[in-house]
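Notes for the one structure printed next.
The values are calculated or read from the model by the stated rules, or taken from the named source; none is laboratory data. Predicted, not measured: the structure shown is a model, and the values here were computed from it. Ideal geometry is used to build each Cβ from the backbone, glycine not excepted, and the neighbour counts take in all protein chains shown.
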Amino acid sequence: MLGFVARRLFHLVPVLIAVSLLTFLIASLLPGDLAYVILGDQATPEKVEALRHDMGLDQPIWWRYISWLGHVLEGDFGRSFRTGQTVLQAVVERLPVSFELMLLAEIVGLAIGVPVAIACAVRSGSAFDRLMTGSAFGMLSMPAFLSAILLIYLFAVELRWLPATGYVPFAEDPVANLRFFVLPALTLALTEWPGIMRVLRSDMIATLQEDYIALAKAKGLKPSRILFVHALKPSSLTLITITGINIGRLIGGALIVETIFALPGIGRLLLSAIYTRDLIILQGVVLFVAGGFVLMNFVVDLLYAVLDPRIRHGHA
Amino acid sequence: MKAVSRSRAVARIFAGTLFGVASFAGGAQAQKPGGSITVGLELDIPGFDPLKVGVFDTAAETAAAAIFDTLATLDDKGEVQPKLALSWSHSDDFKTWTFKLRPNVKFQDGTPFNAEAVKANFDRQKDPANKCRCAFYISGIHDVQAPDELTAVFNLNDPAANLPGIITQPSSNFVMQSPTAWKTKGDDYNRNPVGTGPYMLKSWTAGDRMVLEKNPDYWNKGHPYLDRIILKPLPDAQSRFASLQSGEADIVWDDEYDADNIQNAQKNPKMTVHTYVGSGAQVYAFNTKAAPFDDLRVRQALVMAIDRKKMSQALTNGLTRPASNPYGDGSWVKCKDDGALPTDLQKAKALINEYGKPVDFKMIVTATPRGRAVGQVLQQFWKQAGANMELEQVDQATIVPRAFMRQFQLTPWRIIDLADPDPQMYANFHTGSPVALANYSNPELDKLLEHARTTADTAQRIEDYCAISRHINHEAIWFWTFQNTYYAISTARLKGLPKIYGGVIDVSNVWLE
């Protein structure tokens, strides 16, 4: 097992380098030279030249990448030219918000998706199954910005059960914190559960046709035990992959959801960095997010190995 | 404070010393002290140090209006009133302005506010070593001197007949910041601002909320009324309005592209819609050195083909007001004849026919839903006149360098709401200015612009500016679509909001009923 972990970790290195290179390239190739952005409506050619020199923008791009990477390896991700905040400060400040949002969204998504999938798999082809598969398809097609506004109007403006926007740190007031997170987490979960449900449902249907399930039935085991113990575990490999990939999708969704619900998370930080061309923050945040995503996939790989011994021993 | 007239302010000084009277700002409504409000802004505030952020956006100015003071301020009639300065005078050529400062004012960190502090604020922005982006906007100020404790002298490079009006904006240039604070806090000063204003920064969570607490030692006794102001960035227009409806916010920023919500709020007795039609306009510049806009007929034809009323209806349910000159209803420049070309599609067609060659061109628009919508409406008008416009969508940050390098045929621009037309009109139209985007030079126009900035007599200046407008409208080197209208929506309980000059929601003196 240790060897497996070491091998996988070693594979992460080139992936992370590729990610950092891509991040740097995308940020550098965005239209609109940074010097112009900073100088705004006084971007005379001389001033632009001077600033480009000061910021090292006149160096070749590969050199800038190497020196940026060098600083990153030393733990220095740079400072925002707009706020003077370091990338590390900015990310650490915002990370808990996005992390909580993703965690809650994933929990709610699983809490809706898994039971519905099992119920559908058991009665596959029934009216209930068709209804749920159909509505899952509908939900999948509904963009987060639409469901967010609908939820706000229903629960915040009309019923006044929940706040429309805002945030309180968990440590300050846990109950208020969760109240602020209900609608954003639900919004993201609404786009999450259909995927979870559809994948788990089809895997479950396949598993339920396996011989050993028939055997279990023949032995007279309780249907609930067959479903949750014998069928769920082998059916959940794809589910774990999906959950891992979803984390990446959730980061994308968080951009929109954090903006609508005014949550001070990574998504908002990234968005405002893009709008204001705060490249240092942009590069840093994307690197963090991508690194997180890569790590998440690493964890998923490990979970595979735990669930399926064939993978652990390298025979898969 | 903003509503206090000059004579009343002077009266307050005497009355204040004789009787210790708390508040003079009269009016029919009784101001109620206490309470707190939440303000929903459009943008995150990056900070307050001019060296870091360069210029403040309207969200930062809203906060700055509460934390800092300016030397002078505008009342609701648009007249300049004293604030940190009590009075001012100028030399005959308008190149030297002397401000007498308010005594016994302290910054929130205890640093005394005096002429040295005023000088230090400007010196810091102008120091070439600091390379402050803010310096551009005060390039007309040569230096500031402090001959004694309470006298600040501004020496200007160019004459300015209305300097006190120009410095009323709570921008990064003109709010007075504590020199001690920026010196001791260094990099951290940006997010820990210290001013002389009615509110002090208590806490600030990036991207979430800025909490301002009443300054107990504020120089204007009896002010402010509220104990606390919370500023929150609520970037999404729909959820910002929903926050007002559900009570999470008491006042929110808005604009005419959110027409549905503004019109709903106007019908709602529990809400107040605050509107201010400012000076300036949404404007567009033709590059007169690039074909086909090197021909006057083409430029005139395109301007005449625009039906601004229809455009307003299509884009904003009719909320925006058409503009026929660069000054707008909010400006003191009112023209009997601004020389606006009429809306006349037939004439436009005729002019394009007369030109004889096909009129194909590209117009730069911002790659946003709004930018596209505006571009598409114009495209339709021009198509009817026989001209083919292609939209070139670029990002906001790209427009500026393209405009500077004159790499465009037609570009959007903006004339913002300022107390005086001179800074922008001179920059936009005087020969040789980097933002004289039309690439147009005319000695007569230059002369008018120079005359307008060196004349004290308002009537004469109005005449100059109207002549300038007639010239530009006739030459059709720039055109204007809509006036700048600013909106804020609040709960009806919120009272005392001054005019939203420049889109800045100044809540520093409001109260709750």
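Here are the numbers for the structure shown:
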read-out: Those residues of the range B:333-372 which are of a type in the set (Asp, Glu) and part of a loop (DSSP other than H, G, I, E, B), in sequence order; value: B:337, B:338, B:344
read-out: Residues that are within 23 Å of residue B:450 (Cβ to Cβ) and in a strand (DSSP E or B), drawn from the range B:129-187; value: B:141, B:142, B:143, B:154, B:155, B:156
read-out: Selection from the range A:158-181 of residues that are crowded, with 17+ Cβ neighbours inside 10 Å and part of a helix (DSSP H, G or I); value: A:180, A:181
read-out: The range A:249-261 residues that are of a type in the set (Gly, Ala, Ser), paired with ones that are assigned to a helix (DSSP H, G or I) and surrounded by fewer than 24 Cβ atoms within 10 Å (Cβ to Cβ) (beta carbon under 6 Å, 6 or more apart); value: A:253/A:144
read-out: Residue match in the range A:125-140 (condition: within 14 Å of another protein chain (Cβ to nearest Cβ), on the phi < 0 side of the Ramachandran plot and touching a helix residue (DSSP H, G or I) at 6+ places or on another chain (Cβ under 6 Å)); value: no
read-out: Test: residue in the range B:30-51 that is free of Cβ contacts under 8 Å to residues at least 12 places away in the same chain and away from every other protein chain (no Cβ under 14 Å); value: yes
read-out: Search result, residues across the range B:242-288 that are closer than 30 Å to residue B:413 by Cα, at pLDDT 95 or above and in a loop (DSSP other than H, G, I, E, B); value: B:287, B:288
read-out: All positions within the range B:159-198 that are within 14 Å of another protein chain (Cβ to nearest Cβ), buried (at least 22 other Cβ atoms within 10 Å of the Cβ) and not small (Gly, Ala, Ser); value: B:173, B:182, B:190, B:193
read-out: Test: residue in the range A:282-299 that is within 30 Å of residue A:21 (Cβ to Cβ), in contact with a helix residue (DSSP H, G or I) (Cβ under 6 Å, 6 or more places away or on another chain) and within 14 Å of chain B (Cβ to nearest Cβ); value: yes
read-out: Only one of B:419, B:385, B:397 that is surrounded by 15 or more Cβ atoms within 10 Å (Cβ to Cβ), touching a Phe, Trp or Tyr at 6+ places or on another chain (Cβ under 9 Å) and away from chain A (no Cβ under 14 Å); value: B:419
read-out: Residue match in the range B:464-478 (condition: under 27 Å from residue B:237 (Cβ atoms) and at pLDDT 95 or above); value: no
read-out: Matching residues, the range B:40-73, being modelled with pLDDT of 90 or more, outside any helix (DSSP H, G or I), farther than 18 Å from residue B:419 by Cβ and touching a Leu at 6+ places or on another chain (Cβ under 7 Å); value: B:40, B:41
read-out: Selection from the range B:423-443 of residues that are in a helix (DSSP H, G or I), within 16 Å of residue B:158 (Cβ to Cβ) and not aliphatic (A, V, I, L, M); value: B:423, B:424, B:426, B:428, B:429
read-out: Residue match in the range B:231-240 (condition: modelled with pLDDT of 95 or more, assigned to a strand (DSSP E or B), out of contact with any Asp or Glu (no Cβ under 8 Å at 6 or more places or on another chain) and under 19 Å from residue B:506 (Cβ atoms)); value: yes
read-out: From the options A:277, A:268, residue that is crowded, with 18+ Cβ neighbours inside 10 Å, assigned to a helix (DSSP H, G or I) and touching a residue at least 60 places away in the same chain (Cβ under 8 Å); value: A:268
read-out: Of all residues making up the range A:84-115, the number that are touching a Lys or Arg at 6+ places or on another chain (Cβ under 8 Å) and closer than 27 Å to residue A:250 by Cα; value: 4
read-out: Qualifying residue in the range B:457-471 (condition: part of a loop (DSSP other than H, G, I, E, B) and away from chain A (no Cβ under 12 Å)); value: yes
read-out: Only one of B:129, B:146 that is surrounded by fewer than 22 Cβ atoms within 10 Å (Cβ to Cβ), of a type outside the set (Asp, Glu) and within 14 Å of chain A (Cβ to nearest Cβ); value: B:129
read-out: Residue count, the range A:63-83 (criterion: within 14 Å of another protein chain (Cβ to nearest Cβ) and touching a His at 6+ places or on another chain (Cβ under 8 Å)); value: 1
read-out: Conditions (1) over 30 Å from residue A:81 (Cα atoms); (2) within 11 Å of chain B (Cβ to nearest Cβ); (3) under 21 Å from the mean Cα position of the chain (by Cα): number failed by residue A:237; value: (2)
read-out: Subset of the range B:199-212 (residues that are within 17 Å of residue B:181 (Cβ to Cβ) and either under 26 Å from the mean Cα position of the chain (by Cα) or within 12 Å of another protein chain (Cβ to nearest Cβ) (or both)); value: B:199, B:200, B:201, B:203, B:204, B:210, B:212
read-out: Criterion: farther than 30 Å from residue A:203 by Cβ and either away from every other protein chain (no Cβ under 13 Å) or under 25 Å from the mean Cα position of the chain (by Cα) (or both) - qualifying residue of A:95, A:103, A:51; value: A:95
read-out: Subset of the range A:56-114 (residues that are part of a loop (DSSP other than H, G, I, E, B) and of a type in the set (A, V, I, L, M)); value: A:57
read-out: Residue among A:86, A:44 that alone is exposed (fewer than 15 other Cβ atoms within 10 Å of the Cβ), within 11 Å of chain B (Cβ to nearest Cβ) and free of Cβ contacts under 8 Å to residues at least 40 places away in the same chain; value: A:44
read-out: Pairs where the first residue, in the range B:372-388, is on the phi > 0 side of the Ramachandran plot and the second is part of a helix (DSSP H, G or I) and modelled with pLDDT under 95, C-beta under 6 Å, 6+ apart; value: none
read-out: Given (1) within 18 Å of residue B:94 (Cβ to Cβ); (2) within 14 Å of chain A (Cβ to nearest Cβ); (3) touching a strand residue (DSSP E or B) at 6+ places or on another chain (Cβ under 9 Å), number of the condition residue B:141 does not satisfy; value: (2)
read-out: Test result for residue B:249, crowded, with 19+ Cβ neighbours inside 10 Å and within 14 Å of chain A (Cβ to nearest Cβ); value: yes
read-out: Residue A:50, sole failed condition from (1) modelled with pLDDT of 80 or more; (2) touching a Ser or Thr at 6+ places or on another chain (Cβ under 7 Å); value: (2)
read-out: Residues of the range B:213-246 satisfying the condition of being within 14 Å of another protein chain (Cβ to nearest Cβ), of a type in the set (D, E, K, R) and touching a Leu at 6+ places or on another chain (Cβ under 8 Å); value: B:232, B:240
